[in-house]
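Below: the structure, in C-alpha cells.
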Amino acid sequence: PHLIFVLSLWRITFFCSLRMAFRWPTKVTTTCCTHVSRSPFTFPLKGYRIQNALSPCVHAIVFYREKGGMICTDPKASWVSRKTRGTLPN
C-alpha cells in the first residue's frame, strides 16, 4: 500500500509539473502599420522611419508628429519623398 501511494503521488507531481511548464500560445500583438494613407498632410513632423512589409505589417513610411502620434503613408505616393527630404529619420 505504501508503494502504491508513493507512485500515485509521484505521478500527480509529474503531471502537475508538466502542466505548469507548458504554456498555451498567446495572442501576439504588433505595433505596426497595417494600412497606409495616400493623402498629404501639413502637420509639423519630428521624424520618420521606413517600415518593411512583414505580414500583417505593410510597406510604409511612418512619420512621427511633433504633438505625438504617427501617420502611416504609402511610400509610392509622390509627396512622401518630398516630406522625407525635409525631415530627419528616427
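The values are calculated or read from the model by the stated rules, or taken from the named source; none is laboratory data. This is a predicted model, so every value here is computed, not measured. Positions of Cβ are generated from backbone atoms using ideal geometry, with glycine treated the same way; all protein chains shown enter the neighbour counts.
Which members of segment 32-64 meet the condition of being among the small types (G, A, S) and either free of Cβ contacts under 8 Å to residues at least 12 places away in the same chain or assigned to a loop (DSSP other than H, G, I, E, B) (or both)? Before the answer, list the steps.
Keep residues of segment 32-64 that are among the small types (G, A, S), which gives 37, 39, 47, 53, 55, 60.
Correct list: S39, A53, S55.
Kindly provide the set of residues from segment 48-90 that are of a type in the set (D, E) and at pLDDT below 95, ordered by number. Quick ask: steps written out before the conclusion?
From segment 48-90, those of a type in the set (D, E) are 66, 74; that's our starting set.
The answer is E66, and nothing else.
Could you look through segment 65-90, keep only residues that are part of a loop (DSSP other than H, G, I, E, B) and basic (K, R), and pick out the one that is surrounded by the fewest Cβ atoms within 10 Å (Cβ to Cβ)?
Among them, the one singled out is K67.
Applying the selection to segment 56-90, what residues are within 15 Å of T31 (Cβ to Cβ) and of a type outside the set (F, W, Y)?
P56, C57, V58, A60, V62, G68, G69, M70, I71, C72, N90
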